[in-house]
Amino acid sequence: MELLFATGNQGKLGEAQEMLESLGHTVRQVEFSHRELRSDSLEEIARDSAEAAWLACGQPVFVEDSGLFIDSLNGFPGTFSAWVLEKIGTDGILRLMGDRDNRRAVFRTCIAFHDGKGVHTFSGECRGRISREQRGGGGFGYDPVFVPEGHEQTFAESITLKNKLSHRYKTLLDFSRYLQGK
Ligand code: ITT
């Protein structure tokens, strides 16, 4: 099945293509201009963007909204992750964390698929911690500072690990099961 993915993020696109194409789908990027809703809820944002994407392209389409939620920063940057990354980068996150001992964090994501009749959402997360320094050259976004639970390498150091454990991988799997059932 050909799936349209409305995103401007090449990292997300590459991961979705790799995962969904291994299951026999093709994924085509569509870009559209839309002012993202401000909310603390990834699901609310993703639903709103899926409605807008459907109106813009007139075909079934999915979007994905994600964020990094850091325990000791009360969930910051959360749904503001894209903006914060642009403003202060992963260096800024490490500076904010300083030498805090509690480094727990979770990546969360919500995929919203508009099939022309309504919006279906799929959510997932990956728990882990913020490293003490940037490590690795792979991945994108916050990957150089995120270490998944039970491991020592950052996502940027091991893409193989990321592709097995990530919030996106799990959520894309749910999404593809849903598509198979249709
Ligand atoms: P869209 O066009 O799809 O909205 P975006 O980059 O604006 O792309 P979000 O609003 O969902 O995406 O913001 C999420 C931020 O978290 C963004 O800066 C991403 O680069 C980052 N991020 C999301 N998933 C990530 C992952 O798997 N690894 C590292 N960083 C990630």
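Of note:
- Among residues of region 41-66 being outside any helix (DSSP H, G or I) and either of a type in the set (D, E, K, R) or within 8 Å of the ligand (Cβ to nearest atom) (or both), the one that is farthest from residue 77 (Cα to Cα) is 63.
- Residues that are surrounded by fewer than 18 Cβ atoms within 10 Å (Cβ to Cβ) and more than 28 Å from residue 47 (Cα to Cα) within region 92-118 comprise 92, 94, 95, 96, 98, 99, 100, 101, 102, 103, listed in sequence order.
- For region 94-107, the criterion of a residue being assigned to a loop (DSSP other than H, G, I, E, B), touching a helix residue (DSSP H, G or I) at 6+ places or on another chain (Cβ under 6 Å), more than 27 Å from residue 173 (Cβ to Cβ) and within 16 Å of the ligand (Cβ to nearest atom) is satisfied by no position.
- Among the candidates 48, 40, 65, the residue that is surrounded by fewer than 17 Cβ atoms within 10 Å (Cβ to Cβ) and modelled with pLDDT of 95 or more is uniquely 40.
- On the stretch given as region 78-91, residues that are over 28 Å from residue 4 (Cα atoms) and surrounded by 18 or more Cβ atoms within 10 Å (Cβ to Cβ) total 1.
- Per-region count, region 143-182, residues within 25 Å of residue 27 (Cα to Cα), part of a loop (DSSP other than H, G, I, E, B) and out of contact with any helix residue (DSSP H, G or I) (no Cβ under 6 Å at 6 or more places or on another chain): 4
- Residue 86 within 11 Å of the ligand (Cβ to nearest atom), charged (D, E, K, R) and over 30 Å from residue 23 (Cα atoms): yes
- Residues that are within 9 Å of the ligand (Cβ to nearest atom), touching a residue at least 60 places away in the same chain (Cβ under 8 Å) and small (Gly, Ala, Ser), drawn from region 4-26: 11
- Being within 14 Å of the ligand (Cβ to nearest atom) and surrounded by fewer than 18 Cβ atoms within 10 Å (Cβ to Cβ) is a description that applies to residue 125.
- Subset of region 146-182 [aromatic (Phe, Trp, Tyr) and more than 15 Å from the ligand (Cβ to nearest atom)]: 178
- Condition met for residue 75 (free of Cβ contacts under 8 Å to residues at least 40 places away in the same chain, at positive phi and either assigned to a helix (DSSP H, G or I) or acidic (Asp, Glu) (or both)): no
- Filtered residue count, region 1-37, keeping only those that are crowded, with 17+ Cβ neighbours inside 10 Å and in a strand (DSSP E or B): 5
The values are calculated or read from the model by the stated rules, or taken from the named source; none is laboratory data. Because the structure is a prediction, the values reported are computed rather than measured. Glycine gets a Cβ as well: all are built from the backbone with ideal geometry, and neighbour counts include every protein chain shown.
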